[in-house]
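The values are calculated or read from the model by the stated rules, or taken from the named source; none is laboratory data. The shown structure was predicted, so the numbers you read here are calculated from the model rather than taken from an experiment. Quick reminder, even Gly has a Cβ in these numbers, built from the backbone with ideal geometry, and neighbours come from all protein chains shown.
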Amino acid sequence: RNEETGLPLKRETFSTSLTVFFATLGSAVGLGNIWKFPYMTGMNGGGAFILVYLLFVLLLGIPIMLSEFYLGRKTRSNAVGVFDKLKAHRFWKIIGYMGLLSALLIMFFYSTVAGWVYAYVFRALKGDFRFLKNLGLEEARAASEGIFTDTLTGVSPMIWQAVAVLVVAVILIGGVKKGIERVTKTLMPVLLLLIIISAVRALTLPGAGQGLAFLMKADFSALTGSSILAAMGLAFFKLSLGMGTMVTYGSYFNKDNNLMGTSFKVAFSDVAVSMLAGLAIFPVVFTFNLAPEGGPGLLFQTIPLVFSMLPFGNVLLTAFFVLTAIASTTAMLSMVEVPIAILTEELKMKRRLAVILTTSLMFLVGVLTTHPDAVFGTVEVAGKNLFDLFDYLSSNLLLPLGGLLITLFVAYFTKKESIREELTNGGEIGNGKFVDALLFVLKYITPVLLIIVFLNALGILSL
Ligand code: PFF
């Protein structure tokens, strides 16, 4: 141990570039792809929303992800400590503290939805959805909606949320290698396989054509300032950006990892998983006459319907919700790691204690964000239920703001040579040209775009 800091001399890292990829993809892929992306696409009119989203992934997502990787691996530090290591002005630490706040806000409502997913795994195992196949389309749809409402009512969502949080706590106590790495490298490949199977099945339903058309049609008239802001928020949320998650994970990357390669692979695979989720869900929506703009319940109401009609439907249904549970768990690992790294390194807290404190808070506040029919579901602040409030504040405000500050810090307050050194691994990989292009985007495009979207959403500037 280092005498001054009391920390282990050698900070843990992931073992190989493949495990870096799976852990980072594990952070990106989550409820964002399977639950949020489809319902937001549904609510914002389909294809045009997706195009805008893709643009944000390219011009904001990848540059900011690289900035975060750079900060993390260069300093091998948590989201707050980074700025001390770089001897930056105290002001910049606000990025770390804002990140901490975003991590907490997201954890609260994310664990609620993860709880619903765990509840669905259990229900599928019990065979609660089997009877759907004996019903006509209309009755099946109503029954599926009924099961969803029932899942959100009473004490049961609290219990499932507790289970979801507990799983995260147990894995995180294991640390970076024995916890995060071991779980993500085993489960991410399973997840990728299961989502492909689900999409292929949905594409053979009668509503497949309509579902595809909905995803592909680019009706730009449906886009408003707030839907553009939502697309930007989704890009941040999806790629776990703007809150120091990728700084923290980057600080665990091995030194020969190609940061650029990792960022492209993660962003590309993440988009692919979202599209697959869209392909699995929208054909069902149109086959069963569900409303595409159905909101947060969309996933839970559609997927049981698609599988109920199949041979081995119940096995596939269970597998799908297991997949979603895996995705939500690996994403939660990364958001909870943000406070844990800060607590253990800045406050020298023991890892186990940091995990217990953070996950307890996650549960205690998280439980207040459940659906209105649940025990604590009616808690409101400023006339908004906490679920929507936390979601809105984090995705549409804190993450983009954090992203803006990170961009400005890296583009204008760090030495170009230091960035070049880190992104080319000290000259070992020939990414030189790319570094120039990246710096150009970081300086002139990313911040301007962010500010325009904000002003547009505030109604100050119209696009
Ligand atoms: N990227 C995750 C998802 O799309 O489900 C959510 C997320 C994970 C957001 C980690 C933020 C974070 F730090």
Lone qualifier among Val113, Val170 - being among the β-branched types (Val, Ile, Thr) and buried (at least 20 other Cβ atoms within 10 Å of the Cβ):
Val113
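How many residues does the range 150-175 contain that are closer than 25 Å to Glu12 by Cα, in contact with a helix residue (DSSP H, G or I) (Cβ under 8 Å, 6 or more places away or on another chain) and in a helix (DSSP H, G or I)?
The number of residues fulfilling the criteria is 9.
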Assuming Val29 fulfils every condition listed in (1) under 30 Å from Lys255 (Cβ atoms); (2) modelled with pLDDT of 95 or more; (3) hydrophobic (A, V, I, L, M, F, W, C); (4) within 12 Å of the ligand (Cβ to nearest atom) apart from one, which condition is it?
(2)
Pairs needed: first member in the range 263-280, in a helix (DSSP H, G or I); second member anywhere, modelled with pLDDT of 95 or more and more than 14 Å from the ligand (Cβ to nearest atom); C-beta distance under 6 Å; at least 6 residues apart or different chains.
Ser263/Ile62; Ser263/Leu66; Ala267/Ile62
In this structure, does Val183 turn out to be buried (at least 20 other Cβ atoms within 10 Å of the Cβ), assigned to a helix (DSSP H, G or I) and β-branched (Val, Ile, Thr)?
yes
Which condition from (1) over 23 Å from Pro296 (Cβ atoms); (2) in contact (Cβ under 8 Å) with a residue 40 or more places away in the chain is the one that Leu101 breaks?
(1)
Given the condition buried (at least 21 other Cβ atoms within 10 Å of the Cβ) and assigned to a loop (DSSP other than H, G, I, E, B), answer yes or no: does some residue in the range 360-370 qualify?
yes
Got a number for residues in the range 196-213 being in a helix (DSSP H, G or I) and either touching a Cys at 6+ places or on another chain (Cβ under 7 Å) or modelled with pLDDT under 85 (or both)?
4
Test: residue in the range 109-117 that is within 12 Å of the ligand (Cβ to nearest atom), closer than 22 Å to Asn254 by Cα and at pLDDT 95 or above:
no
The range 50-69 - residue that is away from the ligand (no atom under 16 Å from the Cβ) and crowded, with 24+ Cβ neighbours inside 10 Å and, of those, nearest to Thr262 (Cα to Cα)
Leu66
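Residues that are within 21 Å of the chain's Cα centre (by Cα) and small (Gly, Ala, Ser): find the helices (runs of 4 or more DSSP H) completely inside the range 39-146 holding 3 or more of those.
Correct list: 93-126.
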Kindly establish whether Ser269 is within 13 Å of the ligand (Cβ to nearest atom) and small (Gly, Ala, Ser).
yes
Regarding Ala199, is this residue more than 16 Å from the ligand (Cβ to nearest atom), surrounded by 14 or more Cβ atoms within 10 Å (Cβ to Cβ), under 25 Å from the mean Cα position of the chain (by Cα) and within 27 Å of Thr330 (Cα to Cα)?
yes
